[in-house]
Structures are given as structure tokens and as C-alpha cells.
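To start, the structure under review is shown below, and the notes come after it.
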There are 2 protein chains.
Amino acid sequence: MENERLLMLPGPVPVPERVRQAMMRQAINHRGPEFGAAYEASVDVLKDCFGTENEVYIISGSGTAGMEAAVANFGRGKKIASPVNGKFGDRLLKIAQRYGDATAIESEWGTPIDLDAVAESLENGAEMVTMVHNETSAGILNPAKEVGALARKHDALFVMDGVTSVGGDEVLADDWGVDVAIVGSQKCLAAPSGLAAVAVSERAWERIVEDRPFYLDLAAYRKSGSKSPMETPYTPAVPLFLGLAESLAIIREEGMAARIARHRRMSSAVRAAVSAWGLDLFPTLDAVHAYSNTVTAVRMPEGVTDSALRGTVKRMGIEIAGGQDHLKGNIFRIGSMGAVSAPEILATLAAVQHALRTAGAKDVGDGVEAAAGVLDA
Amino acid sequence: MENERLLMLPGPVPVPERVRQAMMRQAINHRGPEFGAAYEASVDVLKDCFGTENEVYIISGSGTAGMEAAVANFGRGKKIASPVNGKFGDRLLKIAQRYGDATAIESEWGTPIDLDAVAESLENGAEMVTMVHNETSAGILNPAKEVGALARKHDALFVMDGVTSVGGDEVLADDWGVDVAIVGSQKCLAAPSGLAAVAVSERAWERIVEDRPFYLDLAAYRKSGSKSPMETPYTPAVPLFLGLAESLAIIREEGMAARIARHRRMSSAVRAAVSAWGLDLFPTLDAVHAYSNTVTAVRMPEGVTDSALRGTVKRMGIEIAGGQDHLKGNIFRIGSMGAVSAPEILATLAAVQHALRTAGAKDVGDGVEAAAGVLDA
């Protein structure tokens, strides 16, 4: 770890040694059985992560490419309702606006999305709802089950960005009525950045649009994916596929239930520390919203600057995240996704606690001890 | 090399150990100085490969993503002339048809593109010409300089797919009047698959369209690329960027002139072997077309099947390529791109020669000796 930093960000996250070794393999032909087997094995575990029996495809591109694929293939020219309560909801809205007739349903970042307004949009003819499940910019978990039920009631498609929840927190795409769910490789899956996966329902396939993009044409992914061995329509990022297959093998070994429990335990520990420090979590919750279990967003205490706080933490070899856009300087964020376990959490909280104290925060309690209590339970 | 196969394909190609080691690095923050420095250093060498002073951006996606970015950002809604004499020309045509009013200028695969028809299209108002420089499906090098001159004469944009020439053969994007040039990582650059780079001229930027895709919005790449440290608009495939930076460092060490000379020497050796075997090269040439220097396409001799030929070669640990689409069974192709040098060429030719003889080809001369004569010169 000498010249590596511990990344406690809401992605990218540290990549296990086994996964990095898998990427080292010499180039293989991506239209052959070895590649096909890695792709198929990955899809198998991803279905478990998504909570779906639907088909899953892997795209060589970032989570944003997955989001665009969902909207462009199934939403072009349609009325789309896009609740926004953070940066990634805003990105999904922008994509929806580029392809369809999108209505922004804006809430202040970190506050609940407006379910009544979503229902109203659907009553007014929205054919698709987009939503970010785990909004990392604000540390809030949006109500996928409730939005899915609304979308089904009005026979609309539900596109859910699960980029930072799938593989870490509970996602039940089929039970919730998600038609297109998206995940990114470098978040809870603890693989290197550069891949997105999408799970697509039969209802969505029935409504695929004619005028589709080329590289992100999901019908082409479906066609190549049905071959044996499985293929991608265009040259895939082979090392990343091999790395992802290994990270998914690790997930299978851990088991999704255990993995979700671990993510929840780690984020509980962070929240316990925040409370002991006397600081406030950033999100405002209601009955159906929850704190994110993969990233914790904390209000910056009076008198402490972002650069002082994060600079001190960085000097101890650890990177935590600041706020994005208008939240810059107002919050800081601690990621707890992927392969993270007690040592990384304790080290990070110890560093942040020290940084808070040296940066001039008042009456900073012993958050490290509070977290240890949670982790030891 | 025990359980690795030598890939003598028109990509993917073997990736040098140094490059694979570079990918092994633990995840780094892609919005920091280390990533930015790798990106900048890569752009610097890529300019040399492209023969351009224009800005260069790297996209996390395959060469096809780069091709789509070029057409979607600068050709949407425009009249496009698309000469086709192989599979990748056809792909570029399909992309052009998806975004613009594209005219196909079809030649039989492996025969020269029709320059008169390109000129006619331009006289009839085409605002963009697309062309594949090195058409690997047919082993032919198309006349970029001539097409560039035609496009300039009519003030049209010239989009050139240099996916399998840039970094291996001579490319002079600025001298030839190329407005958007594209390369893929897993070809002559000898990096892992999964990245594309585009070089964009000022003339192209002046004509960028309003209605752009999201993930492949080159204006967003330009904006993020102008930051210091350099960034990408969305999360990049970090291990691939680090691998590519290393492969480009190797290119800088070799020097572009030496690298081009090496590619030409290797393909000359392959062509000398084909001639000694008594076989025919697949392409038909005219004054401005040339044989590809990164892949050699050979007509399958009478009585030899694709599976017998390539199966025997594969049993000796080497993969060569067959024909694509309607050329399946009619040609075979030997790649000579990337880090390839005399040992790989000699081994491959020896294996192919043996396979030809055992598969029943008549009077197969000593191509290995002929190639050795070229390589020893």
C-alpha cells in the first residue's frame, strides 16, 4: 500500500488483487469460447445482483453509457418523467431531455423525490419514468419499489440507475417492476471502471424504438448475446470483462445476502461515527426514503473548510469525497462500497476524526469508538 | 507462452508485458493529477501517430464508438458520401445512414473505391465523406490523400477510420486534410481493447451539430480535456488508459518512422511468403491503392477449407483470421500489427505453410525461406 491511496469514494473503489491479476492475462480473441464463458458467467452473477430473471448485457463504457442506452433505446420521442434530487438524477434528466419529451420533477438535492408529482406526470401520459436508486451526490436511497409500482399502474417503463446500489445494497428489479436497470463496474461490484451492465425486461423489448444509436443499440447486444459462445456486437474491453468476471466470482463466493449485510454494517458504522462527532447527515428522509448504504454524506461543520478536512485525510493516505456542484464545501462524503470491510472503515474514520479536530471543528466526540462498537456487534 | 495463443489477427494483438503490468495498478481517482498526466502524455504520442496538431480525445469504448462519435457530432442531418470496399466501410456507411443522408458508393470488397463516384457525390452536395483507411476485411489500403483532397476541394468534412492503420502505417491526417481521424487501442497501438481516440480539426469543430449524443458528445470531451489536469466527461476505463499510456511510451521509444518501417518489413515478408507459396493476394489494386501493411488477405487455394487451414495453425498455438461475411472460406488473413517482429512472423508462416500442405494445397513453395530473406535484408 506504500504508494497507493485508500479510495473511500463513492467509486472508483479499491480493486481486489485477484481482479487485477485477472486483467493481466494476455489478449484473447473476443469471438471465442473463453471470452464467451467469462461473459456468460458474469451475466449469471449479475442477475443475482440485479434481482432479475431478465437478460443482462455488458457494455464497454461507463455507467453513463448504460443510462444513455436505456433512454435512447426505449424512450426516444416519448414522454418521460424524471425525478431529480441530486447530480446523477440531473444527468439522467439531461439524457432524457436529449431523447424524449422529459419533465423534470425537481427536489432540493438530498431531499425526498416528489412521488405525487411522479404520479401526476404518469396521469398526464408519461410513458417512462427514470430514477437514480442510490443518489451518491446526496447520500440518499430513493424509493424504487414505490416508483416501480406507480409506473406499472400507468403501464409506463421504469428505468432505474442502479449504478451505485447494484451489487452492494438490496435491488429487486423484477419485484419492483424495473424495466431497465443499470450498474457500473467500479462501484459496489469492486471491478475496474469502464463497464456498464443493463438488465432489460420483456416489456421494454416490446417497446424498443426504431431510431436507435449504433454503439449503444441494445438490439445489437441482444443479438450478439444470444450467440453461443456469447459475444458483444463490437470489440469489448477484454481485460475489463475478465476483471469483472473475477470480481463477480468473489461476489458469488461471498453471497449477495452477506454482501448486502456487510454494506449495511459498514455504513451503519460510518453513521454512528457521524452521530458521535456531533455532525449532521446531509439527507432529509421521509417514510420511503433511506440513507444510502454505499456512501454517507455529512454536512460540513461550521468553520471547517473542504480543503483542510480532505487535505489532512489525504496526507494520511486516504481519499474521501467532497460535495459536487453547489454542494462543494458544504458536505463531505465517505464511500463504503465494494470490498470494503472494518479495517478500511476504522482507518478512514480515525483519519477524518483527526482532520475534523485539527481543522477546528468543536466538540468532536469519539466517532471511531462508536463505529468500532457497531463493527464488533 | 504455455497456455497463451499467439494472436496474428487484424486485432486484437498481443499486448506487451509492460502494458499489462501498467493495468495492474490499484484504482486511482480519475479526476486527479496522476490520471491527467497519463491522459496528456498519451495525447502527445497519439498526435504523432495521427500526424496531426489537432486536439485528440480518448473515448472509453471500441473503435466503433469512435466512428459513431465522428459521424454523430459532425454529420447528423447532412449529406454524406460513403465509399465501401469491405466490412468496415460498410459499418461506417451504416452509421452514416443512421445519422445523415448517406450515399453508399459500393465497390466489390477488396477492389478499389470509386474516386469518380466520390467526386460526383461531392459535386452533388455531399458535406461529409467517410472512408476506412486500412480495410482489414480485404487487406487493402485506401487512398486517404486523394479522398482528402477531393473533400477539401468541395469544402466537405473528411472522416477517416484509421482504426487499423494509425500507429502502424503512415498517417498524415493534417497533410491529407482529414477532419476527424479515429484509432482503436487493440490494433497497431498494441494496447488492450476498449479505447478509441479521435483527432478533430478546427474545421470540424466549427461545424459541430446541435443534436449530439450524450456519452459520445465530443464537445463534452473537449471541455473536460481542456481542464488541468486533463479529464474525461464521464468515468473513464482507468486500467485501459494506464495500459495505453504505457503502450504509447513504447511507441515513443521506438519512434514512428522506425515503427512504420517495421510494419512494412513484416507485411512484405508475409507477401513474399504468399508469392512463394504460389497463392494470390486478395486485393485488386490500382495506382492509388496499396496492400495493407498491417494485415495480409490471401485467396484460399483450391481444395483447402478454412477449418482445415486455421484449425491446423491453431493446434500449433497460433490464431490467424478467416474471411468475414461473404468472404468466409474464400480468404484467410494474417495480421502483422502492433508489437509484431520477425519471430512471430516466421513462426506463423511456418505453421501456415505446414497447414497448407497438410490441407492438400498443391505445389506449396518455401514461403518461410522467402520471408526470412526479406526479414534478413
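Among the residues of the stretch A:65-83, count how many are touching a helix residue (DSSP H, G or I) at 6+ places or on another chain (Cβ under 7 Å) and either small (G, A, S) or buried (at least 24 other Cβ atoms within 10 Å of the Cβ) (or both).
12
Of all residues in the stretch A:259-268, one or more are more than 14 Å from chain B (Cβ to nearest Cβ), assigned to a helix (DSSP H, G or I), of a type in the set (V, I, T) and more than 24 Å from B:S62 (Cβ to Cβ). Listed conditions (1) surrounded by fewer than 18 Cβ atoms within 10 Å (Cβ to Cβ); (2) over 21 Å from A:V171 (Cβ atoms) are all met by A:K145, apart from (2). Taking A:I105 as the residue in question, decide whether it is in contact (Cβ under 8 Å) with a residue 40 or more places away in the chain and in a strand (DSSP E or B). So A:I105 fails the test.
Does A:I58 meet the test of being within 30 Å of A:G323 (Cβ to Cβ), touching a strand residue (DSSP E or B) at 6+ places or on another chain (Cβ under 9 Å) and either touching a residue at least 12 places away in the same chain (Cβ under 8 Å) or within 14 Å of another protein chain (Cβ to nearest Cβ) (or both)? So A:I58 fails the test.
Scanning the stretch B:104-131 for residues that are of a type outside the set (A, V, I, L, M, F, W, C) and over 16 Å from B:F74 (Cα atoms) gives B:E106, B:S107, B:E108, B:G110, B:T111, B:P112, B:D114, B:D116, B:E120, B:S121, B:E123, B:N124.
Would you be able to say whether some residue in the stretch B:219-228 is among the hydrophobic types (A, V, I, L, M, F, W, C) and closer than 30 Å to B:M300 by Cα? For the stretch B:219-228, residues among the hydrophobic types (A, V, I, L, M, F, W, C) and closer than 30 Å to B:M300 by Cα: absent. Taking the stretch A:279-325 as the range and being within 23 Å of the chain's Cα centre (by Cα), surrounded by fewer than 19 Cβ atoms within 10 Å (Cβ to Cβ) and farther than 27 Å from A:E146 by Cβ as the test, the residues that pass are A:E319, A:G322.
The residues of the stretch B:1-33 that are in a helix (DSSP H, G or I), within 10 Å of chain A (Cβ to nearest Cβ) and either surrounded by fewer than 17 Cβ atoms within 10 Å (Cβ to Cβ) or of a type in the set (F, W, Y) (or both), listed by number, are B:E17, B:Q21. Scanning the stretch A:175-225 for residues that are in a loop (DSSP other than H, G, I, E, B), of a type outside the set (A, V, I, L, M), away from chain B (no Cβ under 14 Å) and surrounded by 19 or more Cβ atoms within 10 Å (Cβ to Cβ) returns A:G177, A:D179, A:S201.
Take A:S275 and decide whether it is within 13 Å of chain B (Cβ to nearest Cβ), surrounded by fewer than 23 Cβ atoms within 10 Å (Cβ to Cβ), of a type in the set (S, T, N, Q) and more than 19 Å from the chain's Cα centre (by Cα).
No: the conditions fail for A:S275.
A search for C-beta distances below 8 Å between a residue of the stretch A:304-316 that is polar (S, T, N, Q) and any residue that is buried (at least 18 other Cβ atoms within 10 Å of the Cβ) and not in a helix (DSSP H, G or I), counting only pairs 6+ apart in sequence or on different chains, returns A:T305/A:A359; A:T312/A:A359. Per the conditions (1) under 18 Å from the mean Cα position of the chain (by Cα); (2) farther than 16 Å from A:A237 by Cβ; (3) away from chain B (no Cβ under 11 Å), the sole criterion not satisfied by A:E68 is (3). Given the structure, is B:R91 within 14 Å of chain A (Cβ to nearest Cβ), closer than 22 Å to B:A138 by Cα and not in a loop (DSSP other than H, G, I, E, B)? Considered against the rule, which asks whether it is within 14 Å of chain A (Cβ to nearest Cβ), closer than 22 Å to B:A138 by Cα and not in a loop (DSSP other than H, G, I, E, B), B:R91 comes out as yes.
Just the residues that are surrounded by fewer than 24 Cβ atoms within 10 Å (Cβ to Cβ), of a type outside the set (D, E) and part of a helix (DSSP H, G or I), please, taken from the stretch A:40-55. Passing the criteria: A:A41, A:V43, A:V45, A:K47.
Can you find a residue that is basic (K, R) and in a strand (DSSP E or B) anywhere in the stretch B:61-76? Within the stretch B:61-76, none of the residues are basic (K, R) and in a strand (DSSP E or B).
Can you confirm whether A:A41 is small (G, A, S) and within 11 Å of chain B (Cβ to nearest Cβ)? In short, no.
Summed over the stretch A:340-358, residues that are assigned to a loop (DSSP other than H, G, I, E, B) and surrounded by fewer than 22 Cβ atoms within 10 Å (Cβ to Cβ) total 1.
Bear in mind that the values in this text are calculations on the coordinates, not laboratory data. Please read these numbers as outputs of a predicted model, since none were measured by experiment. Here the Cβ is made from the backbone with ideal geometry for all residues, glycine too, and neighbour counts use every protein chain on show.
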